[in-house]
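Colleague: Can you keep this structure in mind? I'll have questions shortly.
The values are calculated or read from the model by the stated rules, or taken from the named source; none is laboratory data. This is a predicted model, so every value here is computed, not measured. When we count neighbours, we look across all protein chains shown, and the Cβ atoms used for this are built from the backbone with ideal geometry, even at glycine.
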2 protein chains.
Amino acid sequence: LDESARQNALARQVRLTKPPGALGRLEELAVHLAAMQGTEQPRADRVHIVVFAGDHGVAAEGISAFPQVVTAEMVKNFARGGAAISVAARVLGARLEVVNLGTVVDTGALDGVTRCDLGPGTANFVIGPAMDEHQCVRALAAGRHAAERARLAGADVFIGGEMGIGNTTAAAALACALLSAPAEALAGPGTGLSPDGVAHKITVIDRALSLHRDHLGRPFEALRRVGGFEIAALTGGYLSCAQMGLPVLVDGFISTVAALTAERLRPGAVDWFILSHASAEPGHRQLVQALGIPPLLDLGLRLGEGSGAAVAVPLLRIACALHNQMATFAEAEVSERH
Amino acid sequence: LDESARQNALARQVRLTKPPGALGRLEELAVHLAAMQGTEQPRADRVHIVVFAGDHGVAAEGISAFPQVVTAEMVKNFARGGAAISVAARVLGARLEVVNLGTVVDTGALDGVTRCDLGPGTANFVIGPAMDEHQCVRALAAGRHAAERARLAGADVFIGGEMGIGNTTAAAALACALLSAPAEALAGPGTGLSPDGVAHKITVIDRALSLHRDHLGRPFEALRRVGGFEIAALTGGYLSCAQMGLPVLVDGFISTVAALTAERLRPGAVDWFILSHASAEPGHRQLVQALGIPPLLDLGLRLGEGSGAAVAVPLLRIACALHNQMATFAEAEVSERH
């Protein structure tokens, strides 16, 4: 972060025609973006959204309210413009890219979808590791490459999204590993499990944590063993953004687990992350506390795809516009406080 | 509200390609707007913002961190495009109108500012009523006319803003009258009073409540005696919107007091109000509870001018776009839940 840009931005905020602090978190956002972008004129105009998709072997345990075929079906829906993130990207004028890392059902070639096929989904992590080392490394690299494409395209802000039936189970298991917490603290209804369904999901996660328990102390191993393709790709993308100095707007439960994994792999990465919203998925609260960043919105969202992050983009844009365009007391000849 | 439009909107939400309820309050917003606008395709494209300005006699009691001349100076700043609401209106492509109801310092004629001169500010309500009946009626009418102009211009959403040094004192006094609460429950730092300043403000409000105590049971009399020009205009504007069926996005502390006044004058008006944000002004919480509407944002805003409502506009827009443009399960050939 650019400390001099931060100080200049803070000094400018005090001169703008409003009581000091009256724009609350919008002031903090503008100052944070100025420090991340190393500029006096922060911006969030060019937003690059990448949705990573992948299937999960653990879906065989019956831990989702939706059938596994939906992952591939939603990849097609992203491509055709009918999904929430497709609509949000259009509204924002944001670039939307989809990276399919491996689904059970082959979608065939689709416009706007990059294929990086690591297999027909991960292995069932109740039986063995979700990914072999090569798969996990390639998934991380797929995320890194997506972040680099965003950077090359001149993005001001990077958003990663995800799609993968079963991925709240994988994300909860990974969060348990990172936080040394039991499954019941992190598992929730996901796309809409009943209380019995959540109880079963907890049992499944606990079995996986037990199976892999000797290997969960290292974040890369935790990611490989109980994560997923798209979670690893998000992690790689976030790490790359932090290294390149590209601000990240983090979405909900699964994205925040990836952000926490990135922070564990490279402490300090979190400085580049803005949490867009508090998810309705109950376990999200612990992740937010672990990262120590207050989310911007709290609208009961729990869709994923990067949709919650997309919804927060206008806040960044208006924060930047206010910071850059408001008149100072001197310019407007407005009297200052007593 | 159009119950049939609401039911159609609810039915559509269930068919969209997402787990039911996964878009949380954005779904509720779209459905509420559909019911208010009586349509299957709610929208928040055309936003009409009117900022009402007026001075307050009670400023003589030293209850603001800023000198009274700032009201007129800020009216000029609105007109020149340098204020927060000016910038926000530009970002949103919203129409911005300023209505000067009477300031201590004459601003002269200004482009984009309508004059409706009710006098050089209200009278000091510690000594007598803030307004005579004629002034209060004219201020209500000024708000009504502004709402009617918005309607004629085809507005989808109405935002009222306010500017007036001393107006958190007037708003808190009015809120005390409406809620039968003591000053200490509603008075706060406003634009930035010290704790001693807040204590003095509480004393001033308590003196006014004591002076007018036999007349505060009727909302019109409470508004007239301890309100202000811009608060009455906001109240009239909100009432008119509710009568015409134009959705209102309510701003912060002062606007919410006006919304509560409107609801007391015409119970049911509240159906047409959306609370944009939870203000940092501590008394706002009680007003939110009294209206029974959860705010959309909580960003520590406390500027007024309609700025917080403007910041919430993109949420309405994205809620409408998702509602109107997302594919259904059938259209996208996506499988539904088990």
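Colleague: Any idea how many residues of segment A:309-338 are touching a helix residue (DSSP H, G or I) at 6+ places or on another chain (Cβ under 8 Å), under 30 Å from A:LEU96 (Cβ atoms) and of a type in the set (A, V, I, L, M)?
Modeller: 10
Colleague: Among the residues of segment B:5-50, how many are small (Gly, Ala, Ser) and more than 23 Å from B:ARG151 (Cα to Cα)?
Modeller: The number of residues fulfilling the criteria is 5.
Colleague: Let me ask something additional. Quick one: in segment A:91-107, of everything that is outside any loop (DSSP other than H, G, I, E, B) and within 22 Å of B:ALA44 (Cβ to Cβ), which residue is farthest from the other protein chains (Cβ to nearest Cβ)?
Modeller: Among residues in segment A:91-107 that are outside any loop (DSSP other than H, G, I, E, B) and within 22 Å of B:ALA44 (Cβ to Cβ), the one farthest from the other protein chains (Cβ to nearest Cβ) is A:LEU92.
Colleague: Restricting to segment A:287-338, name every residue that is within 8 Å of chain B (Cβ to nearest Cβ), over 16 Å from the mean Cα position of the chain (by Cα) and part of a helix (DSSP H, G or I).
Modeller: Once the filter is applied, which keeps residues that are within 8 Å of chain B (Cβ to nearest Cβ), over 16 Å from the mean Cα position of the chain (by Cα) and part of a helix (DSSP H, G or I), segment A:287-338 yields A:PRO314, A:LEU315, A:ARG317, A:ILE318, A:ALA321, A:LEU322, A:GLN325, A:GLU331, A:ALA332.
Colleague: Which condition number does A:SER86 fail, the rest of (1) assigned by TED's automatic domain parsing to the domain that holds A:ALA139; (2) among the small types (Gly, Ala, Ser); (3) not in a helix (DSSP H, G or I) being met?
Modeller: Of everything listed in (1) assigned by TED's automatic domain parsing to the domain that holds A:ALA139; (2) among the small types (Gly, Ala, Ser); (3) not in a helix (DSSP H, G or I), A:SER86 misses just condition (3).
Colleague: If you don't mind, there's one more thing I want to ask. Regarding B:GLN68, is this residue more than 8 Å from every other protein chain (Cβ to nearest Cβ), more than 30 Å from B:GLY108 (Cβ to Cβ) and either in contact with a Ser or Thr (Cβ under 8 Å, 6 or more places away or on another chain) or of a type outside the set (A, V, I, L, M) (or both)?
Modeller: No: the conditions fail for B:GLN68.
Colleague: Which residue, of B:GLU148, B:GLU133, is touching a residue at least 12 places away in the same chain (Cβ under 8 Å), of a type in the set (Asp, Glu), surrounded by fewer than 24 Cβ atoms within 10 Å (Cβ to Cβ) and within 29 Å of B:VAL311 (Cβ to Cβ)?
Modeller: Residue meeting the stated conditions: B:GLU148.
Colleague: Let me ask something else. Take A:VAL270 and decide whether it is modelled with pLDDT of 95 or more, β-branched (Val, Ile, Thr) and touching a Cys at 6+ places or on another chain (Cβ under 7 Å).
Modeller: no
Colleague: Further question on the same structure: Looking at segment A:206-230 only, could you name the residues that are assigned to a helix (DSSP H, G or I) and of a type in the set (Gly, Ala, Ser)?
Modeller: A:ALA208, A:SER210, A:ALA222
Colleague: Just to be sure I understand, how many residues within segment A:25-81 are part of a helix (DSSP H, G or I) and assigned by TED's automatic domain parsing to the domain that holds A:VAL204?
Modeller: Residues meeting the conditions: 16.
Colleague: Please count how many residues of segment B:180-209 are in contact with a Cys (Cβ under 9 Å, 6 or more places away or on another chain) and surrounded by fewer than 18 Cβ atoms within 10 Å (Cβ to Cβ).
Modeller: 3
Colleague: Another question about this same structure. Could you say whether any residue in segment A:108-120 is within 14 Å of another protein chain (Cβ to nearest Cβ) and among the polar types (S, T, N, Q)?
Modeller: No - not one qualifying residue is present in segment A:108-120.
Colleague: Then there is this: So, in segment B:231-283, of the ones that are among the polar types (S, T, N, Q) and not in a helix (DSSP H, G or I), which residue ends up nearest to the other protein chains (Cβ to nearest Cβ)?
Modeller: My answer is B:SER279.
Colleague: Residues to consider are A:GLY197, A:GLY188, A:GLY154; find the one that is assigned to a loop (DSSP other than H, G, I, E, B) and more than 21 Å from A:LEU96 (Cα to Cα).
Modeller: None of the other options fit; the residue is A:GLY188.
Colleague: Here's another thing I want to ask about it. Please verify whether segment B:43-55 includes one or more residues that are modelled with pLDDT of 95 or more, more than 22 Å from the chain's Cα centre (by Cα) and more than 10 Å from chain A (Cβ to nearest Cβ).
Modeller: no
Colleague: Let me ask something additional. Could you count how many residues in segment B:71-94 are closer than 22 Å to A:PRO20 by Cβ and either in contact with a strand residue (DSSP E or B) (Cβ under 7 Å, 6 or more places away or on another chain) or among the basic types (Lys, Arg) (or both)?
Modeller: Summing the residues that are closer than 22 Å to A:PRO20 by Cβ and either in contact with a strand residue (DSSP E or B) (Cβ under 7 Å, 6 or more places away or on another chain) or among the basic types (Lys, Arg) (or both) in segment B:71-94 gives 8.
Colleague: Could you check segment A:3-59 and list, in sequence order, the residues that are hydrophobic (A, V, I, L, M, F, W, C) and surrounded by fewer than 17 Cβ atoms within 10 Å (Cβ to Cβ)?
Modeller: A:LEU10, A:ALA11, A:VAL14 - these are the residues of segment A:3-59 that are hydrophobic (A, V, I, L, M, F, W, C) and surrounded by fewer than 17 Cβ atoms within 10 Å (Cβ to Cβ).
Colleague: When residues of segment B:71-90 are filtered for being within 8 Å of chain A (Cβ to nearest Cβ) and touching a residue at least 60 places away in the same chain (Cβ under 8 Å), how many remain?
Modeller: Number of matching residues: 4.
Colleague: Could I ask something else about it? Do the conditions hold for A:ALA175, that is, is it crowded, with 20+ Cβ neighbours inside 10 Å and either in contact with a Leu (Cβ under 8 Å, 6 or more places away or on another chain) or within 14 Å of chain B (Cβ to nearest Cβ) (or both)?
Modeller: When the stated conditions are applied, A:ALA175 passes them.
Colleague: Among (1) under 30 Å from A:PRO67 (Cβ atoms); (2) at pLDDT 95 or above; (3) out of contact with any strand residue (DSSP E or B) (no Cβ under 9 Å at 6 or more places or on another chain); (4) away from chain A (no Cβ under 12 Å), there is one condition B:PRO19 misses while meeting the rest; what is its number?
Modeller: (4)
Colleague: Right, something else. Please go through segment A:275-313 and give me each residue that is among the hydrophobic types (A, V, I, L, M, F, W, C), in contact (Cβ under 8 Å) with a residue 24 or more places away in the chain and surrounded by fewer than 22 Cβ atoms within 10 Å (Cβ to Cβ), ordered by number.
Modeller: Answer for segment A:275-313, where residues must be among the hydrophobic types (A, V, I, L, M, F, W, C), in contact (Cβ under 8 Å) with a residue 24 or more places away in the chain and surrounded by fewer than 22 Cβ atoms within 10 Å (Cβ to Cβ): A:VAL288, A:ALA290, A:LEU291.
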